[in-house]
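A.B. asks: Following this message is one structure expressed as structure tokens.
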Amino acid sequence: MIYVNGNVVTDSNDHEVAVEYLKEYLSAQRLLVVNSNDEPMSQQQLSTILLSNVEEIHLIAIKTSIILRGFREELHTYILKVEQYVEDIREIEDFSTVMSSYTQVIEALIEFLSVEEFLQKQLIDQKHLNDISLKCLKRAEEGNFEYILDVMEYELLPLLHNFIKETNEVM
């Protein structure tokens, strides 16, 4: 049996059926399974629990809107910082920090990928990010850091804005 917040989700002994019922329930209720610290569980953590040979599994879940609200606020602040950074660099024309900033934005996008699961939408094409990164690396080797700044402004910032848009739609 699988319980979520004390409610029986399924009493099926078939693991695959039980997992499917759980997914449907969480989606319909717009819930997200969390650990004891109220942090969202990764798929791997949840799978480990679901694969255990325990007769009863008790899970705690919170509304995705709570998680997404915090994410949206954090993301909005981050976008403003990136926009201000791009504007400042263009103004002073000192491109010495562009590559490290670009790397930080890519790392942030990769971290934000975990939100795709909660939104149940693919927002970022990882192959596209890899292609962009390879082009930027080549341009960095050539010393063309303004190109990298352009990529941040015209390719990465729109991805971040799309995250906010999609988060708002789900909420």
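A.B. asks: With unit charges on the beta carbon (Lys/Arg positive, Asp/Glu negative), name the residue among Q43, T64, N53 whose Cα is farthest towards the positive pole of the charge dipole of region 36-87.
C.D. replies: T64
A.B. asks: Using Cα positions and a limit of under 23 Å, work out the lysines in reach of K23, with same-chain residues fewer than 8 apart set aside.
C.D. replies: Filter leaves K63, K121.
A.B. asks: Over the chain, what is the relative contact order in whole percent, taking alpha-carbon pairs under 8 Å and six or more residues apart? Walk me through the numbers on the way to the answer.
C.D. replies: On the way: 134 pairs, mean separation 38.4, N = 171.
Worked out over the chain, it gives 22 percent.
A.B. asks: List the relative contact order of region 2-45 as a percent without decimals, with contacts defined as Cα pairs under 8 Å and 6+ residues apart.
C.D. replies: Working: 23 pairs, mean separation 9.2, N = 44.
In percent, rounded to a whole number, it is 21.
A.B. asks: A further question follows. Wrap a convex hull around the Cα atoms of region 67-170, take a quarter of its surface area, and give that in square nanometres. Could you put the intermediate results ahead of the total?
C.D. replies: Working: hull surface 24.6 nm².
Result: 6.1 nm².
A.B. asks: Another question about this same structure. Counting DSSP beta bridges with both partners in the chain, what percentage is antiparallel, nearest 5?
C.D. replies: On the way: 8 of 11 bridges.
The answer is about 75 percent antiparallel.
A.B. asks: So which trypsin sites (Lys or Arg not before Pro) in region 74-171 end up in coil per DSSP with only 16 or fewer other C-beta atoms within 10 Å? Walk me through the intermediate numbers first.
C.D. replies: Details: sites: K81, R90, K121, K127, K135, K138, R139, K165; in loops: K121.
Qualifying residues, ordered by number: K121.
A.B. asks: Next up: I60's amide H: which non-local residues (gap 5+, or another chain) put their own amide H closer than 5 Å, with H modeled 1.01 Å from N in plane and none for Pro or chain starts?
C.D. replies: N5, V34
A.B. asks: Can you give the charge dipole size of region 67-170 about its Cα centre, rounded to the nearest 20 debye, using +1 on the beta carbon of Lys and Arg and -1 on the beta carbon of Asp and Glu?
C.D. replies: Numbers: 10 positive and 22 negative charges, 70 e Å.
The dipole of region 67-170 has a size of about 340 debye.
A.B. asks: In whole angstrom, how far apart do the alpha carbon centroids of region 1-71 and region 134-171 sit?
C.D. replies: 34
A.B. asks: Residues with beta-carbon under 12 Å from that of L31, excluding L31: net charge, scoring Lys, Arg +1 and Asp, Glu -1? Show your work: numbers first, answer last.
C.D. replies: Values: positive: K23, R30, K63; negative: E24.
Spelling it out: positives minus negatives among the neighbours equals +2.
A.B. asks: Something else: Assign one of three labels to region 1-125, namely rounded, prolate or oblate, based on the Cα gyration tensor with a ≥ b ≥ c the square roots of its eigenvalues; rounded applies when a/c is under 1.5, prolate when it is not and a/b is larger than b/c, and oblate otherwise.
C.D. replies: Values: a/c = 3.56, a/b = 2.93, b/c = 1.22.
It comes out prolate by the Cα gyration axes.
A.B. asks: Grab every C-alpha pair in region 2-65, bin the distances at 10 angstrom width from 0 up to the longest one, and report whole percents.
C.D. replies: All Cα pairs considered, the percentages come to 21, 62, 16, 0.
All of the numbers you see were taken from the coordinates with simple rules; none came from a lab. Computed from a prediction, not measured in an experiment: that's the story for all the values here. So basically every Cβ, Gly included, is an ideal-geometry build from the backbone, and we count neighbours across all protein chains shown.
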